[in-house]
Each structure stands twice: as structure tokens, then as C-alpha cells.
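Have a look at the structure below before the remarks.
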Amino acid sequence: MSEFLESSTKTYGVPLLMSEAFFRLLSPQASRYCRQVDRIRRSEAEEPFGLFTYDSDLNLEFQEEDKADHSSRLPPIAENTSRRKSALPGAHQIAMQNRNNVGAIPSINSDSKPKGRLHRGRSSKDLESAEKSVDKSQSGDKKPNVIVPKYTTTIWDTDPDIMRLRHLVNDAFRSLWKEGMAAYIKGDWQKARDIFHETMRSSNDQDGPSKFLINLLDKHGGTAPHDWQGYRED
């Protein structure tokens with residue numbers, strides 16, 4: 001079933017599809033933002049079932065200021081206040097930090113020659129490794145304390161990012177779509193076709209399910225087959 005649903009997303013032009021059985025497991029807060037896009041039967045051995053989608057614009061690009069706003073909403077992270085002064089300190093800085101350590105890297109500057117255990121040809125990787133060891137010793141090997149709030153169903157109506165991803169479809173669109181889907185399943189294909197054309201126009205001809213069902217109805221001349229039972233064989 002999962003493979004069928006994933007492959008069918010291209011047919012309906014949606015980011016995801018879910019079965020009716022899965023849809024019925026959703027909370028009311030989540031299911032209100034889903035819509036049925038078809039009713040099918042894959043074989044005579046199966047019962048007809050609905051196909052549902054959750055409208056989400058996966059191509060939405062968040063601006064830098066949005067990311068800044070989002071970061072302010074993230075749970076607090078316990079940070080270590082002892083941070084190094086520069087992201088990539090020079091060799092002489094590393095040497096000063098390691099001076100009291102066994103096997104320390106001696107200071108290097110333009111006026112003095114390498115002494116002690118610093119070998120000619122020491123690579124930048126060696127210096128980076130030394131830098132990391134200094135950072136580790138300074139931080140005390142402490143890990144950030146990330147606190148994730150407990151999930152609640154209110155997230156579907158309060159999380160700014162989730163709400164923004166649904167920007168292509170609003171309540172008025174879903175209400176109109178629901179009316180068209182009911183007409184389609186009932187067999188009133190002329191009414192369904194008119195509504196799907198309206199949802200197509202309101203989406204600037206971008207709504208995948210509208211496009212798919214309009215093409216399907218047109219192939220049958222806009223009239224449901226005489227043996228229509230509220231679902232199509234797939």
C-alpha cells in the first residue's frame with residue numbers, strides 16, 4: 001500500500017497521499033486540513049477506499065528573517081560560555097593554549113623559529129586536531145541540553161511554519177472542494193466538474209487533484225458511467 005500511495009502522488013500532483021484507514025486515525029485538529037482526492041478500488045478482492053492528501057507547499061522557501069524568527073521559538077539550549085576568540089585561531093594562539101600541556105605545540109611567529117616538538121611540514125590537519133582538543137578540554141565535554149516540548153494537537157493551529165506551508169489552500173477552498181468531491185462520488189459529474197474548474201481557477205491552475213479529476217471527467221464526457229458506484233477501478 002505504501003508503495004502505491006507514494007507512486008500515486010505524481011498522478012494527483014500532491015506531496016503525499018494517505019489511505020482512508022490512516023486518515024481516520026488522525027486527530028480532528030489534523031484531519032480538518034486534509035481533503036479527499038478520490039475513491040478507488042484496486043482489485044475485486046479489496047473494498048473501495050478513499051484517498052486523502054494534506055496540502056503542503058514543499059517548495060516554499062523561508063527567508064532569512066523567517067529563520068531568525070524561528071530560532072527565537074526554538075527551545076533554549078544550554079551553551080558553554082567559554083568560547084574561543086576566533087573561529088580559526090593561528091598556530092601561535094593554539095600554542096599559547098597548549099603551553100602547559102604535555103607535548104604542547106610551541107608558539108610560532110614570523111620572528112622566531114620553531115622549537116621543541118614542532119616538526120617541519122606539520123600540516124593544517126595537525127593544527128586543527130590540536131584546536132579541537134583544546135576546545136574539548138575547555139568545554140568540559142558538555143553536551144547541549146535541548147528541551148523539546150511535548151506534542152499537542154494545538155500545533156496544527158499555532159505553529160507558524162506548519163501554517164505557512166498550507167498557504168496554497170484555505171478553509172474556503174477546502175469547503176468548496178468537499179462539495180465537489182461529494183458530487184463526484186454521488187455521480188453528479190456535471191456539478192463536480194464545474195466545482196473542480198472553480199478550484200482550478202482559484203489555485204491559478206496549479207491544483208493537481210483538480211487537474212486530474214477534470215481530465216478524468218472529460219474523458220467520460222462529463223457524465224458518470226451507468227454502472228458508477230461511487231468509486232473508480234484503479
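What follows draws every value from the coordinates through simple rules; no lab data is involved. Bear in mind the structure is a predicted one, so any value in this text is a computation, not a measurement. As a convention, Cβ positions derive from the backbone with ideal geometry for all residues, glycine included, and neighbour counts pool all protein chains shown.
For the peptides 41-47, 55-61, residues were scored by their other Cβ atoms within 10 Å and the scores averaged per peptide; the highest-first order is 55-61, 41-47.
Each residue of the stretch 5-14 was assigned a 3J(HN,Hα) from its phi angle through the Karplus curve 6.51 cos²θ - 1.76 cosθ + 1.60 (θ = phi - 60°); the sequence is 5, 5, 5, 7, 4, 5, 4, 8, x, 10 Hz, with glycine and proline shown as x. Here the spin labels are modelled as points 7 Å beyond Cα on the Cα-Cβ line, and at residue 161 and residue 16 they lie 1.4 nm apart.
Just subtract the alpha-carbon distance of residue 227 and residue 182 from 0.36 nm times their residue separation and send over the number in nm, one decimal.
Working: separation 45, 0.36 × 45 = 16.20 nm, distance 1.74 nm.
Extending this stretch completely gives an extra 14.5 nm.
Taking label points 7 Å from Cα along the Cα-to-Cβ direction, residue 6 and residue 197 give a separation of 3.8 nm.
In this entry, the stretch 1-42 is assigned a mean projected area of 3.1 nm², taken as a quarter of its C-alpha convex hull surface.
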